[in-house]
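Report on one structure; see the data block that follows.
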Amino acid sequence: MPVLGNHYGRILEDGELQLSYEDGDFVIHYHEHLFPVAPSSAAEILSRAGEDDGSKESRIKAEVTRLNHDPDALDTVIEQQHYRLAFWRMADTDLGYRRFFNISDLARIRVEDKTVFAAVHALPLAWVKKGWVQGLRIDHPDGLWDPAQYFHRLQKACPDAWIVVEKILEPKENLASDWPVAGTTGYDFMNLAGGLFVNPASEEVLTQLYADFTGIQQPFEALVHECKHLVLTTILQSEIRRLTSLFEEICERHRRHRDYSRQELRRALCQTAIHFPVYRSYVSASENRVSEEDEHHINAAIEGAAMVRTDLDPDLFLFLKDLLLLQTRGALEAELAMRFQQLTGPAMAKGVEDTAFYRYHRLVCLNEVGGDPGRFGVHPRQFHGACARAQKEHPLGLLASTTHDTKRSEDVRARLALLSEIPDPWADAVRRWASNNARHRSGGVPDANTEYLLYQTLVGAWPIDLERICAYMEKAVKEAKVHTSWTAPNNAYERGLADFIAAVLADRTFCTDLENFVADLVAPGRINSLAQTLIKLTAPGVPDIYQGTELWDLSLVDPDNRRPVDFALRRRLLSQLPQMSPEEILTGMDKGLPKLWVIRQALHLRRTLPEFFGPRADYCPLYATGQKADHLVAFFRGQDVISLAPRLVMGLDNDWDDTILELPSGKWHNVLTGDEADGGAVRLQELLHRFPVGLLMKRK
């Protein structure tokens, strides 16, 4: 148990480990941690206490006091336990159990065991049975031994429950078809919808700007491999060590592979995990099942690893591939395949989301959970195709735009996406700010890459106070693990960064320039946010509204996005909306009234017309014609609802020129403005002149 703040012997001799007797049981205390004492060693303590005179209670207390004042005697008791207390730094290399990423206090349990499953799920399943809970959100399914088996068992236990899974899908990856779940928790949708507001035409310019400013020209894919290697050889060392021991034992049983060294086996496993293109595969040893998708991913990982590690015997990679594809029989062989799958997910999560995303800052609105910063923008046709598939395959999946785990709120990302529409002004601003702030740097702190992240963060979250931005930047550089980290903090670098931030925020020249730059982004950023919100509320799936995002929310990664929310304010504003005209609502733009209005009206429409948003509803793209047709994302829900959302709005100024939308015959009512429109060719300007987005309902 690697929970001690120093070496075990030092902690023991300093008196930080203490034995106590509470309610008839012996307990070992280490600050807030409590550890049980095995019955056998407890019996020994009791037997020694029984040799003295006096009451039983006083004899036990006297023996406990004696042990706590004798490090050697207390050490004997502690060493008799079924666990070993150790310095926390040993966790990365010598941990004897699986843990949640690098959090040693969160031991993973074998939920694949039916008895464990029953114990773990007894309470939530009781809530479901009583009707207190209608759905379950399953986090981190990729850590399971056999996710498909787990979800079938869960579905059988609560057949009527709505179940969504926090499965992170890479681009072009599909949710496993044999999982009986409603869908994901919506990170795939978040990145798909967010990509609509990124202008792909600016990719080359922003890539060059990033390279020129930071000196970094490394492709994102190469950075991913580098960061996955880092976490596999540091915080995931214990996982690799156990897997290597298993691989070594297997090789000893196969004469063609018995002569590989332990180091060769470890390198082959590491490199294959590094090149795994998705979070994990889902082969099932118990059912001898390997899907075509699993085979494709495993082959890609093996080929990539073998191309890089040319110093290793190619036959070793072929043997590993056979093991992962269940083509070599045996209990240990099957265990390796299943255990390897539980390694690649943490390698991806910690290597990419929690390391590479904090090192690669070309356009940070793309650095989101489940996102690919190398994918620059999403075309409307691509978006429509994905939505059509979602309606067919997972019409009740969750649709997220902000969660407790997002790197930036939806409103921060919506504003930052605008930088892709103004690459030249952005480049000028960054160079101007860097020149102005050079005098505030000391000892090369911050480096250019960190400074580039700082400027994007200030633009996205402005106005932001010194405490919040310093806390965010400290976390960012620690997660990046370049100059400092959580396990090896560089206090001098962190102080230098904090001093730099304080200096630039006290610099009126810089702050005035920053405020003027952001001022031009506030209104279009809010339109992006309204468009994104409407899309989420009307696309196939179940919209998820994270606490606080009912109004504008410029929060950053946790703990910033977990601050208290003023729900009384939101209730009060919500009660005022029905009496207000669209124009009055827009005058409350700074308060967030338009966003709250879109949410209210869209949810009301979903409740009024559930048949157009449920699992049997239709989804059909609607395309405009004219000069600015590409600036619109529009689609039908059923035959009677149309959603209209603008995109790439910088310079649009709500002027749609000759852009035309062909509406089906009949009367169409805009639930956001109350306006009416006849079917046929309608100028988009007429539909969106009073409110930035449109939600049309056909009159009966």
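The values are calculated or read from the model by the stated rules, or taken from the named source; none is laboratory data. Only a predicted model underlies this, so the values are computations on that prediction, with no experimental measurement involved. Heads up, the Cβs are rebuilt from the backbone with ideal geometry, glycines too, and the neighbour counts pull from every protein chain shown.
Given the residues 500, 510, which is the only one that is of a type in the set (A, V, I, L, M, F, W, C), closer than 26 Å to residue 456 by Cα and touching a His at 6+ places or on another chain (Cβ under 7 Å)? Talk me through it step by step, then tell me what you get.
Numbers: 510 fails: touching a His at 6+ places or on another chain (Cβ under 7 Å).
Every option except 500 fails the conditions.
So residue 96 passes all but one of these: (1) assigned to a loop (DSSP other than H, G, I, E, B); (2) within 30 Å of residue 159 (Cα to Cα). Which condition number does it fail?
(2)
So if I check each of 410, 479, 421, which one is over 22 Å from residue 561 (Cβ atoms) and buried (at least 17 other Cβ atoms within 10 Å of the Cβ)?
421
Restricting to segment 80-100, give me the number of residues that are closer than 22 Å to residue 151 by Cβ, touching a residue at least 60 places away in the same chain (Cβ under 8 Å) and of a type in the set (Phe, Trp, Tyr).
The total comes to 0.
Right, residue 555: polar (S, T, N, Q), surrounded by 15 or more Cβ atoms within 10 Å (Cβ to Cβ), over 30 Å from residue 136 (Cα atoms) and touching a Lys or Arg at 6+ places or on another chain (Cβ under 8 Å) or not?
no
Tell me yes or no: at least one residue of segment 146-158 is charged (D, E, K, R), more than 22 Å from the chain's Cα centre (by Cα) and surrounded by 15 or more Cβ atoms within 10 Å (Cβ to Cβ).
For segment 146-158, residues charged (D, E, K, R), more than 22 Å from the chain's Cα centre (by Cα) and surrounded by 15 or more Cβ atoms within 10 Å (Cβ to Cβ): present.
Matching residues to (1) aliphatic (A, V, I, L, M); (2) within 22 Å of residue 604 (Cα to Cα); (3) outside any strand (DSSP E or B); (4) in the same structural domain as residue 638 (by TED's automatic domain parsing):
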| residue | (1), (2), (3), (4) |
| --- | --- |
| 649 | yes, no, yes, yes |
| 654 | no, no, yes, yes |
| 665 | no, no, no, yes |
| 668 | no, yes, no, yes |
| 680 | no, no, no, yes |
| 686 | no, no, yes, yes |
| 691 | no, yes, yes, yes |
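What do you reckon, is residue 634 touching a residue at least 12 places away in the same chain (Cβ under 8 Å), crowded, with 19+ Cβ neighbours inside 10 Å and closer than 16 Å to residue 541 by Cα? Write out each step before concluding.
Working: touching a residue at least 12 places away in the same chain (Cβ under 8 Å): yes; crowded, with 19+ Cβ neighbours inside 10 Å: yes; closer than 16 Å to residue 541 by Cα: no.
Against the criterion (touching a residue at least 12 places away in the same chain (Cβ under 8 Å), crowded, with 19+ Cβ neighbours inside 10 Å and closer than 16 Å to residue 541 by Cα), residue 634 does not qualify.
For segment 13-28, state whether one or more residues are assigned to a helix (DSSP H, G or I) and either farther than 19 Å from residue 91 by Cβ or small (Gly, Ala, Ser) (or both).
Yes: one or more hits.
Scan (1) at negative phi; (2) modelled with pLDDT under 95 for the single condition residue 172 breaks and write down its number.
(1)
Which count do you get for residues in segment 46-79 that are without any contact (Cβ under 8 Å) to a residue 40 or more places away in the chain and closer than 24 Å to residue 4 by Cα?
8
Here's the yes/no breakdown for (1) surrounded by 12 or more Cβ atoms within 10 Å (Cβ to Cβ); (2) more than 23 Å from residue 337 (Cβ to Cβ); (3) more than 24 Å from the chain's Cα centre (by Cα):
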| position | (1), (2), (3) |
| --- | --- |
| 84 | yes, yes, yes |
| 87 | yes, yes, yes |
| 100 | yes, no, no |
| 130 | no, yes, yes |
| 143 | yes, no, no |
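Do you know which residues across segment 274-315 are crowded, with 21+ Cβ neighbours inside 10 Å and part of a helix (DSSP H, G or I)?
274, 294, 297, 298, 301, 302, 305, 306
Any residue at all in segment 508-516 that's in contact with a helix residue (DSSP H, G or I) (Cβ under 7 Å, 6 or more places away or on another chain) and either within 23 Å of residue 198 (Cβ to Cβ) or not in a helix (DSSP H, G or I) (or both)?
yes
Taking the condition of being part of a helix (DSSP H, G or I) and exposed (fewer than 13 other Cβ atoms within 10 Å of the Cβ), how many residues in segment 429-450 meet it? First the steps, then the outcome.
As a first pass, look at segment 429-450 and keep what is part of a helix (DSSP H, G or I): 429-440, 448-450.
Among the residues that remain, those that are also exposed (fewer than 13 other Cβ atoms within 10 Å of the Cβ) are: 435, 438-439.
Going through segment 429-450 one residue at a time, the tally reaches 3.
So that you can scan it fast, the table gives a plain yes or no per residue for (1) polar (S, T, N, Q); (2) without any contact (Cβ under 8 Å) to a residue 12 or more places away in the chain; (3) out of contact with any Ser or Thr (no Cβ under 9 Å at 6 or more places or on another chain):
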site: 275; (1), (2), (3): no, no, yes
site: 281; (1), (2), (3): yes, no, no
site: 284; (1), (2), (3): yes, no, yes
site: 293; (1), (2), (3): no, no, no
site: 300; (1), (2), (3): no, no, yes
site: 304; (1), (2), (3): no, no, no
site: 307; (1), (2), (3): no, yes, yes
site: 321; (1), (2), (3): no, no, no
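Pick out the one residue from 263, 271 that is closer than 22 Å to residue 223 by Cβ and either touching a His at 6+ places or on another chain (Cβ under 6 Å) or outside the structural domain of residue 112 (by TED's automatic domain parsing) (or both).
Working: 263 fails: closer than 22 Å to residue 223 by Cβ.
Exactly one residue qualifies, and that residue is 271.
Restricting attention to segment 632-647, which residues are among the polar types (S, T, N, Q) and part of a strand (DSSP E or B)?
Once the filter is applied, which keeps residues that are among the polar types (S, T, N, Q) and part of a strand (DSSP E or B), segment 632-647 yields only 643.
Check 429, 488, 434 and return the single one that is farther than 22 Å from residue 216 by Cβ and among the small types (Gly, Ala, Ser).
Step by step, each of 429, 488, 434 is checked, and only 488 is farther than 22 Å from residue 216 by Cβ and among the small types (Gly, Ala, Ser).
Return the residue satisfying two criteria in turn: it lies in segment 538-553 and is of a type outside the set (Ser, Thr, Tyr) and in contact with a strand residue (DSSP E or B) (Cβ under 9 Å, 6 or more places away or on another chain), and of such residues it is farthest from residue 384 (Cα to Cα).
Applying the filter and picking the extreme gives 544.
Out of all the residues in segment 488-506, is one or more modelled with pLDDT under 95, part of a loop (DSSP other than H, G, I, E, B) and either in contact with a Lys or Arg (Cβ under 9 Å, 6 or more places away or on another chain) or surrounded by fewer than 19 Cβ atoms within 10 Å (Cβ to Cβ) (or both)? I'd like the intermediate steps shown before the answer.
So the first thing to find is which residues in segment 488-506 are modelled with pLDDT under 95, and the list is 488.
Applying the additional criterion that residues be part of a loop (DSSP other than H, G, I, E, B) yields 488.
Of the ones still in play, those that are also either in contact with a Lys or Arg (Cβ under 9 Å, 6 or more places away or on another chain) or surrounded by fewer than 19 Cβ atoms within 10 Å (Cβ to Cβ) (or both) are 488.
The answer is yes, given that some residue of segment 488-506 is modelled with pLDDT under 95, part of a loop (DSSP other than H, G, I, E, B) and either in contact with a Lys or Arg (Cβ under 9 Å, 6 or more places away or on another chain) or surrounded by fewer than 19 Cβ atoms within 10 Å (Cβ to Cβ) (or both).
Mind listing whichever residues of segment 661-681 are hydrophobic (A, V, I, L, M, F, W, C) and surrounded by 17 or more Cβ atoms within 10 Å (Cβ to Cβ)?
661, 663, 668, 671, 672, 677
For the list (1) assigned to a loop (DSSP other than H, G, I, E, B); (2) farther than 22 Å from residue 412 by Cα; (3) under 18 Å from the mean Cα position of the chain (by Cα), I need the number of the one condition that residue 176 fails.
Of (1) assigned to a loop (DSSP other than H, G, I, E, B); (2) farther than 22 Å from residue 412 by Cα; (3) under 18 Å from the mean Cα position of the chain (by Cα), only one is false for residue 176: (3).
Could you check segment 596-631 and list, in sequence order, the residues that are among the β-branched types (Val, Ile, Thr) and either in a helix (DSSP H, G or I) or surrounded by 17 or more Cβ atoms within 10 Å (Cβ to Cβ) (or both)?
598, 599, 608
Within segment 360-370, is even one residue buried (at least 24 other Cβ atoms within 10 Å of the Cβ), modelled with pLDDT under 95 and of a type outside the set (A, V, I, L, M)?
Yes; the residues of segment 360-370 include at least one that is buried (at least 24 other Cβ atoms within 10 Å of the Cβ), modelled with pLDDT under 95 and of a type outside the set (A, V, I, L, M).
Given the criterion under 25 Å from residue 647 (Cβ atoms), of a type in the set (Val, Ile, Thr) and not in a strand (DSSP E or B), identify the matching residue among 133, 128, 120, 198.
198
With the condition kept exactly as written, say whether any residue in segment 360-370 is farther than 23 Å from residue 189 by Cβ and out of contact with any strand residue (DSSP E or B) (no Cβ under 6 Å at 6 or more places or on another chain). Outline the logic, then answer.
If we filter segment 360-370 for residues that are farther than 23 Å from residue 189 by Cβ, which is where we start, we get 361.
Next, from what is left, pick out any that are out of contact with any strand residue (DSSP E or B) (no Cβ under 6 Å at 6 or more places or on another chain): 361.
Checked segment 360-370: at least one residue is farther than 23 Å from residue 189 by Cβ and out of contact with any strand residue (DSSP E or B) (no Cβ under 6 Å at 6 or more places or on another chain).
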